[in-house]
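The values are calculated or read from the model by the stated rules, or taken from the named source; none is laboratory data. From a predicted model like this one, the values you see are computed outputs, not experimental measurements. A quick note on method: Cβ atoms are made from the backbone with ideal geometry, for glycine too, and the neighbour counts reach across all protein chains shown. In case anyone asks, the SASA skips ligands and DNA or RNA and just uses the protein heavy atoms, side chains included. Shrake-Rupley method; radii C 1.70, N 1.55, O 1.52, S 1.80 Å.
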Amino acid sequence: MKLSSILPHLIALSVSAVALCDAQDEPNIGTLRDVAVAGRIPDAGSGSGQGDASGVPSMAGDDEFGDQVIIERVSNWYPFSLRTSLTGYRTNNAELAASGGTTDSYMRGLAALNYTPLVKGNLFADLGVSEELYRYKNLSTLDFDYQRAHAGFYYYIPPTDKPASAIFENGFFFANYSFYRVSDNLFGPAVFKNNSVVLGFQKALSVKKGHQIFYGASTDLSFDASSQIFQRNEYRLYGGYSVNWTEDLLSQASYVASWFDYSLGTQNDWNHVAELISTWIAARPMVFGSEGEIYLEASANFTLNDSNVGTQDYEYFTWGGGVGFRTTF
């Protein structure tokens, strides 16, 4: 079976596989989300704007301890984010069949690099590239690679006294150009390519110590694709709850609802993904002068695609786990 003959399944599978990743940290937004929850933005090195000329805010006890002098100003922001992982999964519907799906196992490899420097004030630039590979144990005709690149901006929304502040404060608006391609291997010819504009908003808020709620919305508007048959616009709402049980153990539950509007014909799909993830940090090595994390992860997700084209209805349950590494520098 040729790869091009199963391209609809690959496009759907690639979207399902990366939907939660994109939704939870539209590249590098996970780090930005932590900053927002802490209620601060990175130190641009210009001082606090309050206090004396040294840039140190006035504090009780200054008369007792005397003047404070900054010897060296260190930024709390690392613009580069690197992530790699290797995970194995078991699914009950590998080919995304409308009925009678085949159970199979597959391996997913991921490598992603993001650069998110502070431009000025509350504005961040954002550039990133990623490579994902999928290799099936039995249905090797479903093997594919997924490469993605993006370039754009994030804008942090500081707290204000306006009525909408409770909804948007400490959140991020983002806009970027995105390109992805699906191929039968990393250096093989592309069987599908897509160019789009991604717009969205995401916010996380602290419920209590170690507990966070996050939510957001995004659109992925395709303006140029190698095949109009599979070209589509995507509209997504998502939310979730995460708990840091300890410094090294995190659990997260999330839900993503997406609407896929195909350019040709009348096909429209509602896609639903519910996922549970548990992550345990096994080690924190120093890499590139900053602390990284080697982690073990286990996950399970249920995906339902409800299409107005009956042959494109499918559902599947997937579970698995693996090991990964991530760091900022």
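At a threshold of 8 angstrom on Cα-Cα distance, excluding pairs fewer than six apart, so keeping six or more, what relative contact order does segment 203-329 reach in percent?
About 17 percent, as a whole number.
Tell me the Kirkwood radius of segment 99-191: reciprocal of the mean inverse pair distance over distinct alpha-carbon atoms, in Å.
16.3 Å
Bins of 10 Å, beginning at zero and ending with the bin holding the largest distance: percent of Cα pairs per bin for segment 184-329, please.
Calculated over all Cα pairs of segment 184-329, the distribution is 10, 25, 34, 23, 7, 0 percent.
Using 20 Å as the cut-off for backbone N distance, which residues of segment 141-156 belong to the label zone defined by a point 7 Å from the Cα of Asp224 along Cα→Cβ?
What the label zone holds, given the 20 Å backbone N cut-off, is 147-153.
Please work out how much accessible surface Phe173 shows to a 1.4 Å probe, ignoring ligands, DNA and RNA, in Å² rounded to 10.
90 Å²
Of the accessible area of segment 143-234, with the probe set at 1.4 angstrom, what percent is carbon plus sulfur?
64 percent
Quick one: what do you get for segment 141-250 if you divide its Cα Rg by 2.2 N^0.38 Å?
Segment 141-250 yields a ratio of 1.39.
Per 0.36 nm of contour for each residue apart, how much would the distance between Asn92 and Arg135 grow if the chain were fully extended, relative to their Cα-Cα spacing?
13.9 nm
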